[in-house]
Amino acid sequence: MPIIAVLFWLPGLINPVPVDFSNASPLFQWVNDGLSPLFARIVAMGIVMISALIINGVINNNEIFDRNTFLPALMYLISMSAIKEYQVLSPIIISNLFLILALRRLFNIYRQIPCKKEVFDATLLILIGSLFYFPSVIMLPIVWVALKILRPFVWKEWVIPFFAFIIFGIYLIVALFWDNGLINWTDYVSINSGQYAMIKVIVSWPYYVVFGVVFILVNFSGYQISKQSKGSSLRFRKIISFFIFIVILTIAILISVKYLSNEDVYTLVGAVPLSLLITFYFNYAKKEWLSKLFFYTVFILLLVNIYLY
């Protein structure tokens, strides 16, 4: 995986260009402040690889597929590296890491009795992620969705997220008053903050072909999920239902950001569910030659765009 990551990120590493994230959260600016463009890109690539490995472990540990696979990690890495203009240390890259860590905790509640710690941790992780990219706070309802789908009803578990939110809010407010940063954060807490407004993505013909292939893969994957769910165990159907809600909330984030900020961050925000969704097709594809054709078409065209455009 490091070789593939370097292959995608190499042009940016050779000629790193600083990106203006002056509209990003104060916490992200504090993290990013003082980092050279080259080192910031190296850190970003490292976070993407770590996130890919974590999401891959979540998939394999929960036995969603009939055998262990490295495809979710590969799909996430490619999704996050597909657009060269986004190959920088950015708020969504960090926010996605916290979201993936939260999902790992939520997937564990299926086998934990009790699961208060997992619910508390997942809520805090999503809230921390929203400090880097505020629209990701829309993912917060996924905690209650997980409890509804994966657990029998226990009212004490359902109120845990509220306690996590209160504790998180108290610590945040105290920190802001201590650092006199309340005004800056008031400006940031908005979905239309325009954090990616300074990044101009060059759309070339390879992207249109890739978009068409990905659209086909998503439809094939949806068919495979529907097919596999019919004859599968109750546990598998619950996990798939949970995953569908992740997709729904991801779409809600994308629509909100597009409508309020007019920012196209589909690949970054959608990388988490997309990595699992496309894996379904590749894992269950009966025509191996066709799946290889799809994969190498996307892989090569993305590299063509990164190196030649």
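Scanning region 213-263 for residues that are basic (Lys, Arg) and under 19 Å from Val58 (Cα atoms) turns up Arg235, Arg237, Lys238.
The set of residues in region 145-162 that are at pLDDT below 90 and either within 30 Å of Ala24 (Cα to Cα) or outside any helix (DSSP H, G or I) (or both) comprises Arg151, Pro152, Phe153, Val154.
For region 256-276, give me each residue that is of a type in the set (A, V, I, L, M) and at pLDDT 90 or above. Steps first, please.
Restricting attention to region 256-276, the residues satisfying the condition of being of a type in the set (A, V, I, L, M) are 257, 260, 265, 268-269, 271-272, 274, 276.
Leu268, Val269, Ala271, Val272, Leu274 - these are the residues of region 256-276 that are of a type in the set (A, V, I, L, M) and at pLDDT 90 or above.
Taking every residue in region 1-26 that is under 12 Å from Ile306 (Cβ atoms) and pairing it with any residue that is at pLDDT below 90, at least 6 positions away or on another chain, yields no pair with a Cβ-Cβ distance below 6 Å. Looking only at region 261-309, which residues are assigned to a helix (DSSP H, G or I) and among the polar types (S, T, N, Q)? Ser261, Thr267, Ser275, Thr279, Asn283, Ser291, Thr297, Asn305, listed by residue number. Any chance region 62-70 includes a residue that's part of a helix (DSSP H, G or I), out of contact with any Cys (no Cβ under 7 Å at 6 or more places or on another chain) and surrounded by fewer than 23 Cβ atoms within 10 Å (Cβ to Cβ)? Looking through region 62-70, none of the residues is part of a helix (DSSP H, G or I), out of contact with any Cys (no Cβ under 7 Å at 6 or more places or on another chain) and surrounded by fewer than 23 Cβ atoms within 10 Å (Cβ to Cβ). Would it be correct to say that Gly57 is of a type in the set (Gly, Ala, Ser), touching a residue at least 40 places away in the same chain (Cβ under 8 Å), out of contact with any strand residue (DSSP E or B) (no Cβ under 7 Å at 6 or more places or on another chain) and surrounded by fewer than 23 Cβ atoms within 10 Å (Cβ to Cβ)? Here the answer is yes, as Gly57 does meet what is asked.
Checking each residue of region 202-217 against the condition of being farther than 19 Å from Tyr266 by Cβ, in contact with a Phe, Trp or Tyr (Cβ under 7 Å, 6 or more places away or on another chain) and either at pLDDT 80 or above or of a type in the set (A, V, I, L, M) (or both) gives no match.
Just so you know, in region 125-144 the residues that are surrounded by fewer than 19 Cβ atoms within 10 Å (Cβ to Cβ) and part of a helix (DSSP H, G or I) include one that is farthest from the chain's Cα centre (by Cα), and it is Trp144. When region 84-117 is limited to residues that are touching a residue at least 40 places away in the same chain (Cβ under 8 Å) and part of a loop (DSSP other than H, G, I, E, B), the one that is farthest from Ala73 (Cα to Cα) turns out to be Pro114. Filtering region 14-34 to residues that are within 21 Å of Phe98 (Cα to Cα) and of a type in the set (A, V, I, L, M) leaves Ala24, Leu27, Val31. Regarding Thr186, is this residue modelled with pLDDT under 85 and either touching a Phe, Trp or Tyr at 6+ places or on another chain (Cβ under 8 Å) or closer than 24 Å to Phe132 by Cβ (or both)? Yes. Scanning region 218-254 for residues that are of a type in the set (A, V, I, L, M, F, W, C) and either at pLDDT below 85 or over 21 Å from Asn96 (Cα atoms) (or both) yields Phe220, Ile225, Leu234, Phe236.
Name the one entry in Val31, Val43 that is within 18 Å of Tyr133 (Cβ to Cβ), more than 18 Å from the chain's Cα centre (by Cα), in a helix (DSSP H, G or I) and modelled with pLDDT of 85 or more. If you could, list the steps in order and put the result at the bottom.
Working: Val43 fails: more than 18 Å from the chain's Cα centre (by Cα).
Among Val31, Val43, only Val31 is within 18 Å of Tyr133 (Cβ to Cβ), more than 18 Å from the chain's Cα centre (by Cα), in a helix (DSSP H, G or I) and modelled with pLDDT of 85 or more.
Any idea how many residues of region 50-92 are over 29 Å from Leu308 (Cβ atoms) and not small (Gly, Ala, Ser)?
Initial filter on region 50-92 (over 29 Å from Leu308 (Cβ atoms)): 50, 53-69.
After this cut, where a residue has to be not small (Gly, Ala, Ser) as well, the list is 50, 53-56, 58-69.
Adding up the residues that qualify gives 17.
Would you call Leu74 under 14 Å from the mean Cα position of the chain (by Cα) and crowded, with 19+ Cβ neighbours inside 10 Å? Taking the combined requirement at face value, the residue satisfies it. Would you say Ile246 is surrounded by fewer than 18 Cβ atoms within 10 Å (Cβ to Cβ), within 23 Å of Pro91 (Cβ to Cβ) and either out of contact with any Leu (no Cβ under 6 Å at 6 or more places or on another chain) or not polar (S, T, N, Q) (or both)? No: the conditions fail for Ile246.
The values are calculated or read from the model by the stated rules, or taken from the named source; none is laboratory data. What you see is a predicted model, and the numbers here were worked out from it, not measured in a lab. Heads up, the Cβs are rebuilt from the backbone with ideal geometry, glycines too, and the neighbour counts pull from every protein chain shown.
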